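Visitor: The structure's right below; bear with me while I get my questions together.
Readers should treat all values here as calculations from the given coordinates under stated rules, not as data from a laboratory. Note that the structure is a prediction, hence the values are computed from the model and not measured. Cβ sites come from the backbone with ideal geometry, for glycine too, and all protein chains shown count toward neighbours.
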Amino acid sequence: MGKRKQTKRKLKISETKYKQLISRRKSKKKMSLKDKKILDDSLYVKYCTCLHKLEFKKQSYPICMNSVYKNRGIKQPRNASKKCNKTFNKNVGK
């Protein structure tokens with residue numbers, strides 16, 4: 001078995017599409033797998049850029065987690081900050 005190649009996630013969707021997907025997830029309407037993946041990737045990108053802007057300070061983890069996931073009522077991914085550190089360059093958020 002070989003190692004999985006980790007790729008950078010850069011996703012750009014329109015703000016209206018993003019808000020539409022967030023409202024669908026909150027109201028627990030049925031979403032396609034593609035829409036779920038798009039929303040999860042865009043939230044993950046927002047979380048990672050928040051962490052990189054705050055330069056991985058100890059207090060930045062809960063601030064970014066609250067601002068991206070918990071305030072929207074969405075369950076956060078497991079070990080998101082560790083994965084974020086592996087998959088993103090430091091220059092992504094700048």
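Visitor: Cα-Cα pairs above 19 Å in region 15-87: how many percent?
Guide: Values: 873 of 2628 pairs.
Taking all Cα-Cα pairs of region 15-87, the fraction more than 19 Å apart is 33 percent.
Visitor: Counting Lys and Arg as +1 and Asp and Glu as -1, what is the net charge of the other residues whose Cβ lies under 13 Å from the Cβ of Lys34? Walk me through the numbers on the way to the answer.
Guide: On the way: positive: Lys17, Arg24, Lys30, Lys36, Lys37; negative: Asp35, Asp40, Asp41.
The answer is +2.
Visitor: Tally Lys and Arg at +1 and Asp and Glu at -1 over the other residues with C-beta under 9 Å from the C-beta of Arg24: what net charge comes out?
Guide: +4
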